[in-house]
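Here is the structure we will look at, set down as C-alpha cells.
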Amino acid sequence: MPAVATPVIERTTLGNGLRVVVHEDHAAPVVGIAVYYDVGFRSEPEGRTGFAHLFEHLMFQGSANVGKMEHPRLVQGAGGTMNGSTHPDFTNYFQAVPTSALELTLWLEADRMRAPAVTEENLANQVAVVQNEIRVNVLNRPYGGFPWIELPPVAFDTFPNAHNGYGDFHELEAATVADANDFFTRFYAPGNAVLGISGDVDANSTLTLVHQHFDDIKRRRTPKRPSFAEPAVTSERRGEITDAHATAPAVAAGWRVPDPATQPEQHLATVVLAELLAEGDASRLQQRLVFRDRSAISIEAYLGSFGDPFEQRDPSLLTISAVHPPGTSPDRVLSAVQEELDRVATGGVGGEELARVIARLRAQLLKQRDQTIGRTLALTMFEQQHGRAERVWELDERVAAVTADQVRAAATSMTADSRSVVILKAGVR
Amino acid sequence: MSAADATARPELGPPPAITVPRVAERTLGNGLRVAAVRRGGVPMVEIRLRLPFAGTTRAHLARTTVLTETMLSGTADHDAESLAAAVQALGGALGAGADADRLVLSGSALAENLAPLLGLLAEVIDSASYPADEVDGERERLVEEIAIARTTPSTLAAEALAVRAFGTHPYAWHLPTPEEVRAVSSARLRTLHRERVSPAGALLVVVGDVAPARALDAVEKALGGWSAAGRKTVALPAPPAFAPGGISLVDRPGSVQTSLRIAAPGPRRDDPDFAAFSLANTVFAGYFSSRLVANIREDKGYTYSPHSGLDHAEHATLLVVGADVATEVTAPALVETTYEMAKIASLPVGTDELDAARRYLVGTLALATSSQAGLATTLARLIDNGLGAAYLREHPAALAKVTTETAYEAARRWLAPSAAATVLVGDAAVIGEPVAALGEITPLSL
C-alpha cells in the first residue's frame, strides 16, 4: 500500500481557550465544520439521566441572534446538512456545507457557543421529541438498547459508567431551564471545546474568520476532566433482560480494553483483534459461529459504546454481541467465543491473516477519510481526545505496525473471568 | 483582529460551480455496459454492478433473497472462507443485494487492487457454486432474520404500504415467508444464476483513484469473456392503478408508537414535473427545515423524525410520507400531516421557502457525490435509469427554473390528500376509535 502523507493542519487557540484546527482538502467545493464539547453522558448529574443528550437538542432551539429552527433552516437553506450527537465523553455539532456557507456556519456555531436560548416551552417540546426518539430507537423495536444501554450497568459500578445515556422518562420530564443553564455554564465554556474545519478552504483566511466570530466569546472556567476509573473485573458478571419485541435471543459480553491515552499500542492491537474476530465473512467468529456451527444468526465485535474505538476514554469495553437461534444456549455461544479467543491467545495469528485484516482496516480508514463529514468528525475528535488531529492520517502507519504478538497479547487478557455478560431473552415465541 | 458584529448574519458567498464528472464509457462485445470515472481523494476504488433481476412469482423473491446471501459462498476456485479472505486481502469488500427490479453487486478495494477485485467478481459470476451445506445454513439464518425484521415497526410499515399500493403485483412483496425460503434449493439457485446473471442489460460502474481508460481495460480483461448465452429475460406486468382513500390499520398490540405512512403515486425522475415536485416536497416534509417537521416535531412534539420522499422502482414511483408518532397522539398527528399536505396542494409556497429548498437540493446532490462511494452509487443508478451523468448538471438546471407557480401545480398534482392512502401500524385497541373519526379504517393483516 502506498504511504500516505500527513497533511498540513493549521491550529490555534483563541484567547478564550477555544482550540481550532483547520485542514485543507480541495477534492470537492464543500467544507465540514464541527464543534466538540468535552462533555458527554458520563458527566451528566445523577437524577438527570439523559440530560447531556437532551441538552444537545436544546442547542438547536435558537440563541441570541438565531430563532428556533433557524440554525437548521440557514444551514440546509445554504445547501448543507447538519446534526449533533451525544457520546459518553463528548457532544458534537456538525455541518457539511458548500464553501459559500463557511462564514454563515461559523457565525451560527459562535452564536450558540455564547448561549442557547432555552425556554420552558422549547424544553417541554424537546423532552417530548427525545421521548419519541427513545421510543423509535429503543422501546418499540427489537434489540433497541442492546447492548449499549444494557451492558454498562453489568460491567460497571459507578453512575457515570453504568447509567443509561438516553435517560429515564421521569428524569427527562423533571429537567428544568435552570438545569440547562447550569449545564451550559459548567460544560460549554469555549475552553472546553474544539472547533474543527476540513474542506475546500484557505486555512489562513478561515482562521481569520474564526477569530472574527469567536474571539469575543467570554472565557469561562473550564471543568476539570474527571476520572471515571473503576477497578478491573476479576470474576465474571452476569445480567439478564427480556426483550418484548425479540423473536431470537441474544448475548453480549464486554471486556475492558487498554487505556488509549496511556497504552496506545496495546489499545490499537485490541482494535485489530476486534477486526480479526468479527469483521467480514472471513473473520474468526463469523466463520466459527455464523457459518460453521450455525450457533449465531449474526455476531459483531467492536470497541467503544457506538463502535468508534478512538473516541472513548478509559474505562471502555470491547463488546462481542450475537443474536442466536432459540435452540442454542447463550453459554454455547460464549464458550465458542472463548475458545476462539483462546485460539488467538495460544495459537497466535499467521502473517497472511494479519496482513489481510490490517489491509481491510486501513481501507476502512481511507473510506471514512474520503467523506467530508467523516473526515471532519475524525480530525476534530482526535484533536479533542488525543490532542492530535494528525492522528487521522498517522493511524494508517500505526495500524500497519501492529504485530501478531501484540494481537495475541490482547486476546490473552480476554478471559471468561474478566468478562461482563448480558443475556437477552426473546419475548416473542 | 476586528470582531464581527454578532447581530449581523453573514451573507452566503456565491455558490460553487457545479462540476460534472467526466465519464468514460464502453460497451463490451457481450453487451455489458461499463462506465468509469476518476475520482482521487483516497487511493481506493468502488465498483457497482447492476443486473435486471425482476421476477413474477413469490418463489423468485425467495430465491433472489437466498441468492444474495449465498452468491459468495463458493466458486470453482474458492470456498466461502477463502473467497472472503481473498477479498479482505485487497483491502476490499464485496456484497450482493437486490430489490424488485435489480440485483446489485457492490465492492471496493485499494485502488492498486482493482484488477484482482474484478478477477474475483468475474470468478463469482462465472462459477458461483451455491454449495448445498452453505445454502442450508444460510436459509435457516434468513428465516430467523426475517422473523426479526417482521417484528420491527419500520419493516412492517414498509410491507403494509407495499401491499396497500400494489395489491398482488410483485412490487407488493417485501419479504418471503419461512416456508418459501426453506423451499429454495441450491440447484434452483444455480439455475437462477445461469439464467439471470448475464452481461446483456447489465451495467458496471467503476469510480476511484484509477485512470478511466485503465479501468475500462481492466473490466474488459476480467469480464469480456462473460457469456450472455442462456439468458432469460422477465418483464414485469404494469402495476395496478393506485387506488386512493381510506386508512389501512395493521394491529401491533402494545406498540408505544404508531408508524404512520401516507402514500400516493409520485413522478419519475424523467417526468417534466420532477424538479418542481422535488422542491414542493422538500418544503412540505423533505428535510428538517420543512413545514411538517416544524409542525409535528418542533411545535407539537408528536414525533422524532417525520419525512417525505420518493421510492423509485422501474415501473412505479411512490411518494411515501412517514412519521413514527406516540400512540396517544396518532389521530392528531394524522390530522396535522394531512393538513400540511392539503395546504401545500392548495396554496403556493413562499419564494424564500422555494429558494431554500432549491439550494438544499443542489447542495446535497453535490455532497452526496463528493465521495467515491457516493458518486459510484449515484452514477450507477442514473446511468442504469437512462438519465446518465448529465443529470448531475441537468437536474440543478431544472431546479433553477422552477417558480412558485410551477411548484404549486406539481404539488396540486402529486401531493393532494385526495390522491393518497394512509397506512398505520400500531395498537388498534388504543388508536382505532380516535382514528375512525378521520376516515374509514380497513384492518390489514400481513
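The values are calculated or read from the model by the stated rules, or taken from the named source; none is laboratory data. These figures come from a predicted structure and were not determined experimentally. Backbone-built Cβ (ideal geometry, glycine too); neighbour counts: all protein chains shown. Heavy atoms of the whole protein, side chains included, go into the accessibility calculation; ligands, DNA and RNA do not. Shrake-Rupley method; radii C 1.70, N 1.55, O 1.52, S 1.80 Å.
Determine which member of the set B:Thr282, B:Thr303, B:Thr317 is away from chain A (no Cβ under 13 Å), β-branched (Val, Ile, Thr) and open to solvent by less than 30 Å² (accessible area, probe 1.4 Å). Can you show your working first?
Numbers: B:Thr282 fails: away from chain A (no Cβ under 13 Å); B:Thr303 fails: away from chain A (no Cβ under 13 Å).
None of the others qualify; the one that does is B:Thr317.
Yes or no: A:Leu354 open to solvent by less than 30 Å² (accessible area, probe 1.4 Å) and more than 14 Å from every other protein chain (Cβ to nearest Cβ)?
In short, no.
Can you confirm whether B:Ala8 is open to solvent by 10 Å² or more (accessible area, probe 1.4 Å), within 12 Å of chain A (Cβ to nearest Cβ) and in a helix (DSSP H, G or I)? Lay out the reasoning, then the answer.
Working: open to solvent by 10 Å² or more (accessible area, probe 1.4 Å): yes; within 12 Å of chain A (Cβ to nearest Cβ): yes; in a helix (DSSP H, G or I): no.
Taking the combined requirement at face value, the residue does not satisfy it.
Which one of these is at pLDDT below 95 and either touching a Ser or Thr at 6+ places or on another chain (Cβ under 9 Å) or crowded, with 21+ Cβ neighbours inside 10 Å (or both): B:Ala276, B:Ala229, B:Ala202, B:Ala222?
Numbers: B:Ala276 fails: at pLDDT below 95; B:Ala202 fails: at pLDDT below 95; B:Ala222 fails: at pLDDT below 95.
Going through B:Ala276, B:Ala229, B:Ala202, B:Ala222 in turn, the sole match is B:Ala229.
Cβ contacts < 8 Å: first residue within 17 Å of A:Ala193 (Cα to Cα) and away from chain B (no Cβ under 14 Å), restricted to the stretch A:209-237; second residue open to solvent by 60 Å² or more (accessible area, probe 1.4 Å) and at pLDDT 95 or above, any location; separation 6+ or different chain. Result?
A:Arg219/A:Gly15; A:Arg220/A:Thr185; A:Pro223/A:Arg186
Has the stretch A:376-393 got at least one residue that is within 30 Å of B:Thr151 (Cα to Cα), part of a helix (DSSP H, G or I) and touching a residue at least 40 places away in the same chain (Cβ under 8 Å)?
no
Here is a yes/no grid of residues against (1) within 22 Å of B:Val34 (Cα to Cα); (2) in a loop (DSSP other than H, G, I, E, B):
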site	(1), (2)
B:Glu195	yes, no
B:Ala200	yes, yes
B:Lys221	yes, no
B:Pro237	no, yes
B:Pro240	no, yes
B:Gly254	no, yes
B:Arg261	no, no
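Please verify whether the stretch B:41-48 includes one or more residues that are facing chain A (nearest Cβ under 7 Å), within 22 Å of A:Pro98 (Cα to Cα) and at pLDDT below 95.
Start the filter on the stretch B:41-48 by keeping residues that are facing chain A (nearest Cβ under 7 Å), which leaves B:41-44.
When the remaining residues are screened for being within 22 Å of A:Pro98 (Cα to Cα), the result is B:41-42.
Going one step further and asking which of them are at pLDDT below 95, we end up with B:41-42.
There is at least one residue in the stretch B:41-48 that is facing chain A (nearest Cβ under 7 Å), within 22 Å of A:Pro98 (Cα to Cα) and at pLDDT below 95.
Condition first: open to solvent by less than 10 Å² (accessible area, probe 1.4 Å) and either more than 24 Å from A:Leu172 (Cβ to Cβ) or among the β-branched types (Val, Ile, Thr) (or both). Now tell me which residues in the stretch A:79-92 satisfy that.
Within the stretch A:79-92, A:Gly79, A:Gly80, A:Thr91 qualify.
Of the residues that sit in the stretch A:25-62 and are of a type in the set (S, T, N, Q) and surrounded by fewer than 23 Cβ atoms within 10 Å (Cβ to Cβ), which one is nearest to A:Arg186 (Cα to Cα)? Lay out the reasoning, then the answer.
To start, the set of residues in the stretch A:25-62 that are of a type in the set (S, T, N, Q) comprises A:43, A:49, A:61.
Next cut, surrounded by fewer than 23 Cβ atoms within 10 Å (Cβ to Cβ) only: A:43, A:49.
Working: A:Ser43: 11, A:Thr49: 17 Å.
Among those that are of a type in the set (S, T, N, Q) and surrounded by fewer than 23 Cβ atoms within 10 Å (Cβ to Cβ), it is A:Ser43.
Looking only at the stretch B:86-95, count every residue that is under 23 Å from the mean Cα position of the chain (by Cα) and at the interface with chain A (Cβ under 8 Å from one of its Cβ atoms) and tell me the total.
Final tally of qualifying residues: 1.
Could you check, for the stretch B:18-36, whether at least one of its residues is open to solvent by 20 Å² or more (accessible area, probe 1.4 Å), without any contact (Cβ under 8 Å) to a residue 40 or more places away in the chain and within 9 Å of chain A (Cβ to nearest Cβ)?
Scanning the stretch B:18-36, I find at least one residue that is open to solvent by 20 Å² or more (accessible area, probe 1.4 Å), without any contact (Cβ under 8 Å) to a residue 40 or more places away in the chain and within 9 Å of chain A (Cβ to nearest Cβ), so the answer is yes.
Would you mind finding the one in A:His267, A:His245 that is away from chain B (no Cβ under 12 Å), surrounded by 18 or more Cβ atoms within 10 Å (Cβ to Cβ) and over 30 Å from A:Asp111 (Cα atoms)? Write out each step before concluding.
On the way: A:His245 fails: away from chain B (no Cβ under 12 Å).
The match here is A:His267.
State whether one or more residues within the stretch A:82-90 are among the aromatic types (Phe, Trp, Tyr), facing chain B (nearest Cβ under 8 Å) and on the phi < 0 side of the Ramachandran plot.
Looking through the stretch A:82-90, none of the residues is among the aromatic types (Phe, Trp, Tyr), facing chain B (nearest Cβ under 8 Å) and on the phi < 0 side of the Ramachandran plot.
So B:Leu83 fits all but one of (1) among the aliphatic types (A, V, I, L, M); (2) within 14 Å of chain A (Cβ to nearest Cβ); (3) over 30 Å from B:Thr177 (Cα atoms); (4) more than 25 Å from the chain's Cα centre (by Cα); what number is the exception?
(3)
Quick check, is B:Leu354 open to solvent by less than 40 Å² (accessible area, probe 1.4 Å), at pLDDT below 95 and in a helix (DSSP H, G or I)?
no
So if I check each of A:Ala193, A:Ala96, A:Ala162, which one is of a type outside the set (Asp, Glu) and without any contact (Cβ under 8 Å) to a residue 40 or more places away in the chain?
Just one listed residue meets the conditions, A:Ala162.
Return yes when A:Arg48 is under 24 Å from A:Asn192 (Cα atoms) and in a loop (DSSP other than H, G, I, E, B) and no when it is not.
Here the answer is yes, as A:Arg48 does meet what is asked.
Limited to the stretch B:74-83, what total is found for residues that are out of contact with any helix residue (DSSP H, G or I) (no Cβ under 8 Å at 6 or more places or on another chain) and crowded, with 22+ Cβ neighbours inside 10 Å?
Step one: of the stretch B:74-83, the residues out of contact with any helix residue (DSSP H, G or I) (no Cβ under 8 Å at 6 or more places or on another chain) are B:79, B:82.
Now narrow it down to the ones that are crowded, with 22+ Cβ neighbours inside 10 Å: none.
Total meeting the criteria: 0.
Of everything in the stretch A:107-117, what is open to solvent by less than 20 Å² (accessible area, probe 1.4 Å) and more than 8 Å from every other protein chain (Cβ to nearest Cβ)? Give them in sequence order. It would help to see each step written out before you state the result.
Filtering the stretch A:107-117 down to residues open to solvent by less than 20 Å² (accessible area, probe 1.4 Å) leaves A:107-113, A:116.
Hits for the stretch A:107-117 are A:Leu108, A:Glu109, A:Arg112, A:Met113, A:Pro116.
Take the residues in the stretch A:288-333 that are acidic (Asp, Glu) and open to solvent by 30 Å² or more (accessible area, probe 1.4 Å), then tell me which one is farthest from the other protein chains (Cβ to nearest Cβ).
A:Asp314
Identify, by number, the condition in (1) open to solvent by less than 20 Å² (accessible area, probe 1.4 Å); (2) at the interface with chain B (Cβ under 10 Å from one of its Cβ atoms); (3) of a type in the set (Asp, Glu) that A:Glu103 doesn't meet.
(1)
Conditions tested, residue by residue: (1) farther than 27 Å from A:Ala232 by Cα; (2) of a type in the set (Gly, Ala, Ser).
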residue: A:Asn132; (1), (2): yes, no
residue: A:Arg141; (1), (2): yes, no
residue: A:Pro153; (1), (2): no, no
residue: A:Gly167; (1), (2): no, yes
residue: A:Glu173; (1), (2): yes, no
residue: A:Ala189; (1), (2): yes, yes
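In the stretch A:132-150, which residues are assigned to a loop (DSSP other than H, G, I, E, B), within 7 Å of chain B (Cβ to nearest Cβ) and either charged (D, E, K, R) or open to solvent by 20 Å² or more (accessible area, probe 1.4 Å) (or both)?
A:Arg141
What's the total number of residues in the stretch B:42-73 that are crowded, with 22+ Cβ neighbours inside 10 Å and under 25 Å from A:Ala27 (Cα atoms)?
Going through the stretch B:42-73 one residue at a time, the tally reaches 6.
If A:Glu121 satisfies every condition in (1) facing chain B (nearest Cβ under 8 Å); (2) free of Cβ contacts under 8 Å to residues at least 24 places away in the same chain; (3) in a helix (DSSP H, G or I) but one, which is the exception?
Evaluating A:Glu121 over (1) facing chain B (nearest Cβ under 8 Å); (2) free of Cβ contacts under 8 Å to residues at least 24 places away in the same chain; (3) in a helix (DSSP H, G or I) leaves (1) as the failure.
When you look at B:Val325, is it in contact with a His (Cβ under 9 Å, 6 or more places away or on another chain), closer than 21 Å to B:Gly426 by Cα and part of a strand (DSSP E or B), yes or no?
no
Matching residues to (1) surrounded by 21 or more Cβ atoms within 10 Å (Cβ to Cβ); (2) β-branched (Val, Ile, Thr):
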site: B:Leu117; (1), (2): yes, no
site: B:Val124; (1), (2): yes, yes
site: B:Ser154; (1), (2): no, no
site: B:Arg164; (1), (2): yes, no
